[in-house]
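Colleague: My questions all concern the structure below.
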């Protein structure tokens, strides 16, 4: 995205300034979830899952975005650069190029309706960063069974209106008993797909349809993966020492580094003993599920003002610690 250090925008008789610092807000703007506070700890809770029309309203996504030509303050046109602007309040969301095509919020729901058919329902949707990033999450009709664990499968669409990323379609498995989000990648099947803003509408829908078909392949791959991991015997302490070893005491090690590491490890040891993991104790699968519990629900080392938003975005994009935990479980 272009750095806009005092570019002016003129359109419909309106001149606005883009300040670089104004593009750095990090907050949930609007959202909903169904029946319980979701894994990221944010949002308004609804009793019933809405259809797409109601979801647009409840998520606060009934607004459009348009591209407007950029001008310098002296009136000079900025070639091949445009602002994306929210039409309801003229909020400038980002700066994009000539070939960028705006994907409206309503279009994303239309795709999901077309993919999942009549009766598609939405578990959560909303906007982050003052509308710069939006998401919707639809629950697939059939859960999968992972070594006796019921795991619900969701199709998650994320879209940026500021030019920072492509449209992403991601399979998001959630362990029902504890609402752990299992967003780790597998070598045997793809979990995420990117769809460019420059592609045509038909191509985008075809790619999204392919993503839905691949969801079932990913579910099969998860099942095979879990069956292998549950057969691997490894004491949790051994697993944790490999994943998050205590820092070696040397000149580069600070007391805070040691304290922070112990803080995380203590939570993981406590979670490893929870009742819902009893049948997987001291297996590679149990170790992985313990880490999934921590990244979904654990207390952060530092509770910043936007820690819940940061956790949510990591779970959307794939949590680095969870991926390392899975790779270790496979390698043991």
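The values are calculated or read from the model by the stated rules, or taken from the named source; none is laboratory data. None of the values given here were measured: they were computed from a predicted structure. Every residue, glycine as well, gets a Cβ built from its backbone with ideal geometry; the counts of neighbours run over all protein chains shown.
Colleague: Looking at this structure, is residue 103 assigned to a loop (DSSP other than H, G, I, E, B), on the phi < 0 side of the Ramachandran plot, touching a strand residue (DSSP E or B) at 6+ places or on another chain (Cβ under 6 Å) and crowded, with 19+ Cβ neighbours inside 10 Å?
Modeller: Taking the combined requirement at face value, the residue satisfies it.
Colleague: Sort through 266, 250 and tell me the only one that's modelled with pLDDT under 90 and either in contact with a helix residue (DSSP H, G or I) (Cβ under 6 Å, 6 or more places away or on another chain) or exposed (fewer than 12 other Cβ atoms within 10 Å of the Cβ) (or both).
Modeller: 250
Colleague: Could you tell me whether residue 144 is crowded, with 23+ Cβ neighbours inside 10 Å, more than 12 Å from the chain's Cα centre (by Cα) and more than 24 Å from residue 63 (Cβ to Cβ)?
Modeller: no
Colleague: List the strands (runs of 3 or more DSSP E) inside region 6-86, counting only whole elements, that have at least 2 residues being modelled with pLDDT of 90 or more and in contact with a strand residue (DSSP E or B) (Cβ under 7 Å, 6 or more places away or on another chain).
Modeller: 65-71, 77-86
Colleague: Failed condition for residue 234, given (1) in contact with a helix residue (DSSP H, G or I) (Cβ under 8 Å, 6 or more places away or on another chain); (2) free of Cβ contacts under 8 Å to residues at least 24 places away in the same chain, with all others met?
Modeller: (2)
Colleague: Residue check, residue 126 against (1) in a strand (DSSP E or B); (2) under 17 Å from residue 197 (Cα atoms), all met but one. Which one?
Modeller: Only one criterion is unmet by residue 126, namely (2).
Colleague: Of (1) surrounded by 12 or more Cβ atoms within 10 Å (Cβ to Cβ); (2) at pLDDT below 90; (3) more than 25 Å from the chain's Cα centre (by Cα), residue 183 satisfies all except one. Which?
Modeller: Against the list (1) surrounded by 12 or more Cβ atoms within 10 Å (Cβ to Cβ); (2) at pLDDT below 90; (3) more than 25 Å from the chain's Cα centre (by Cα), residue 183 comes up short only on (3).
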